[in-house]
Structure formats: structure tokens, C-alpha cells
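Structure, as C-alpha cells:
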Amino acid sequence: MQYAYPLLAIFIWAGNTVINKLAVGSIFPAEIGFYRWLLAGILFTPFMLKPVIANWPLIRPNLGKIFILGVLGMAVYQSLAYYAATLTTATNMGIILSLMPLMTLAAAIISLGQSLTLGALTGAVLSFAGVLVVVSSGSLGALLRHGLNLGDGMMLVATLAYAIYSTLLKKWQLRLPPLVLLYLQVLVAVVVLFPLFLVSEKTGLGWSNIPLVLYACLLASMIAPLAWMHSVKTLGPSRTTLFFNLLPLITALIAAVVLKEQLALYHLVGGVLTLGGVILSERWTTPIGGKVRVAG
């Protein structure tokens, strides 16, 4: 039963990648990005005002850090994903997103002084090769001639933003209840995305896109983070992070069924290389120059 929580979160987030794609043509990226966090903020507020007031002495000196976390983790990451969905496939997005644990590890090595391991180095090379295979559609020559697809590039930047966000969360160690921190970041996203919403083209809410907004808000913005936080608390961060490796596979399967996206051989090869690199970086923990050891 304890594995149900991380699995639920991963299935919801994989589904949300497909929702990003379904939103194309139904609602503009700036609209769904803003409505998602606005609705989440409205629903959270009645339950969170009292905890926020109670924790204000801890919140006030950390407002700047909370703002940065909200911008990176809520505004930049998800907004770029919506824009990327207009230019690339959900399958590509899922495979690129699977780089997040490795990017987080690299950021931890740079900013937290974590030791560089043989697994991290080898895994980075493998995962980079895997993503190159995917974004080039299996033809590295075509990638060199035409460059990176803008949608894939946006997804890489979005993934990097969330990796930096995760690293800063660990580095700053804000002593706030997880729900309070999540709520404050939601409010930051609403404020930051409002100007973009104002100047963007608008479709307006209707029966064709309201379900997409509700999924993004209720499931991806509220239930999935709560399930993930519960998993971190019960299983620990290391074991919980392993479930993230299922994201590209589940995303590809949902995209194949819902969006009728065709899975090509390069998706399989690139996905295996990327996933293999991430797993290797997590399990082969020998520091550079140290004795060979594989985490059990």
C-alpha cells in the first residue's frame, strides 16, 4: 500500500504531460498555466490561511527564497511545458523529463559539494546520448543540419528549472510545513503568471477545456504533490525518487493510447539509454578515484 502513493503521483504527472498536449488548440498555454494555479490557490486558501499566519515568523525572513522556488518550480517549469507541447510530442516530453533526477544530482554536485561519482559521470554520458537520439528522431545528422526542435529545447530548459528548484529546496532546508510551502509557491505562480495571462491571446473557458484545467489543478497541482510528499515521508527521498524513472514509460503508453502517438525505434533506444543512465547514476555511488561500489 505504501507504494500506491508514489505510483499515483507518477501516473498523474504522466497524464498531465498528455493533458499538456491535449490543451493545444483548446486553450492557450498562458491561460491554462494561470487558471491552474489560480484555482489551486482559491481551493487551498480556506485551509491554509491559519497555518500561514501561525508560521509567519518563519515565512517572513524567507520570502525571497519562497519567491524563487515558486518561479522555478511552478511558473517557469510548467509554463514552458505548456508551450513545449505545441511543438513536440508528449512521448518526447516524457523522455526529456526523465533527465530530471540526473540534472538534480549534477546541480547537487555543483552547489552542495556532493561528491562526483563514477555512476553520475557515466550516467550523464548515457542519458545525454539517449536524449540526443530522441530529439534527433534517430538521425544525429539531421539534428546537426536543422538544430534542436524548439519544443524539445523548451522542455530541456523546463526540466533544468525544476532540477534547480529541487536542489534549492534541499540546500535551503526551509523549516516550513510542506503544505504551507506548496501553498505559498502556488501564490507566487499566480502573481508571476498574471502579466503573461493579461497580454496573451485567450480562448476563454468552455466545456472543451474546463476538464483540462481541472485535471491540471486538482490532480497535478494538489493531489500528486500531496501523494509525493507522503511517499517521501514514509519511504524516504531516495526510494521515492526511483519511481520517477517510470515516468517516460507511463507517459509514452498513455500518449500512445490517448493521443495515438506512434512509438518509433528511436524512442525505445533513447528511452533505454536515458533511463539506464539515470539508474546507473543513482546506484553506482563510487566517488571518482574511490573503490568500486554499487548501491544495494
Restricting attention to the range 231-247, does a residue exist that is modelled with pLDDT of 85 or more, assigned to a helix (DSSP H, G or I) and within 22 Å of S79 (Cβ to Cβ)? no
Quickly run through the range 1-21 and pick out the residues that are polar (S, T, N, Q) and buried (at least 19 other Cβ atoms within 10 Å of the Cβ). N16, T17, N20
Do you know which residues across the range 1-26 are within 23 Å of E201 (Cβ to Cβ) and more than 21 Å from the chain's Cα centre (by Cα)? G25, S26
What number of residues within the range 249-278 satisfy the criterion of being surrounded by 16 or more Cβ atoms within 10 Å (Cβ to Cβ), among the aliphatic types (A, V, I, L, M) and at pLDDT below 75? 2
Scan of the range 23-49 for residues that are buried (at least 21 other Cβ atoms within 10 Å of the Cβ) and under 12 Å from Y82 (Cα atoms), ordered by number: A23, I27, F28, P29, A30, E31, I32, G33, F34, R36
Give me the pairs, please: first residue somewhere in the range 188-201 and in contact (Cβ under 8 Å) with a residue 60 or more places away in the chain, second residue anywhere and part of a helix (DSSP H, G or I) and among the acidic types (D, E), beta-carbon distance under 8 Å, and either six or more positions apart or on two chains. F197/E31; S200/E31
For a quick check of your reading of the model, give me the residue pairs whose first member lies in the range 21-41 and is assigned to a helix (DSSP H, G or I), whose second is of a type in the set (D, E, K, R), with beta-carbon atoms closer than 6 Å and at least 6 apart or on different chains. E31/K202
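Listed here are the residues, each with its yes/no results for (1) under 19 Å from the mean Cα position of the chain (by Cα); (2) closer than 20 Å to L247 by Cα; (3) part of a loop (DSSP other than H, G, I, E, B); (4) basic (K, R).
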| site | (1), (2), (3), (4) |
| --- | --- |
| M93 | yes, yes, no, no |
| I96 | yes, yes, no, no |
| P101 | yes, yes, no, no |
| T104 | yes, yes, no, no |
| A107 | yes, no, no, no |
| I110 | no, no, no, no |
| G113 | no, no, yes, no |
| G119 | no, no, no, no |
| G123 | no, yes, no, no |
Flag if P29 is under 18 Å from the mean Cα position of the chain (by Cα) and either at positive phi or not hydroxyl-bearing (S, T, Y) (or both): yes
Would the range 50-70 turn up any residue that is at pLDDT below 95, closer than 26 Å to T88 by Cβ and part of a helix (DSSP H, G or I)? yes
In a helix (DSSP H, G or I), out of contact with any Asp or Glu (no Cβ under 8 Å at 6 or more places or on another chain), under 25 Å from V232 (Cα atoms) and at pLDDT 90 or above: which single residue out of L193, L169, L198, L181 fits that description? L181
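Mind listing whichever residues of the range 94-142 are of a type in the set (S, T, N, Q) and either at pLDDT below 75 or buried (at least 19 other Cβ atoms within 10 Å of the Cβ) (or both)? So that I can check it myself, show each step before the final result.
Filtering the range 94-142 for residues of a type in the set (S, T, N, Q) gives 98, 104, 111, 114-115, 117, 122, 127, 136-137, 139.
Selection gives S98, T104, Q114, S115, T117, S127, S136, S137, S139.
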Considering every residue within the range 42-49, establish whether at least one is modelled with pLDDT under 95, under 22 Å from T203 (Cβ atoms) and touching a Cys at 6+ places or on another chain (Cβ under 9 Å). no
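The values are calculated or read from the model by the stated rules, or taken from the named source; none is laboratory data. Please read these numbers as outputs of a predicted model, since none were measured by experiment. Please note: Cβ atoms are built from the backbone with ideal geometry, for glycine as well, and neighbour counts cover all protein chains shown.
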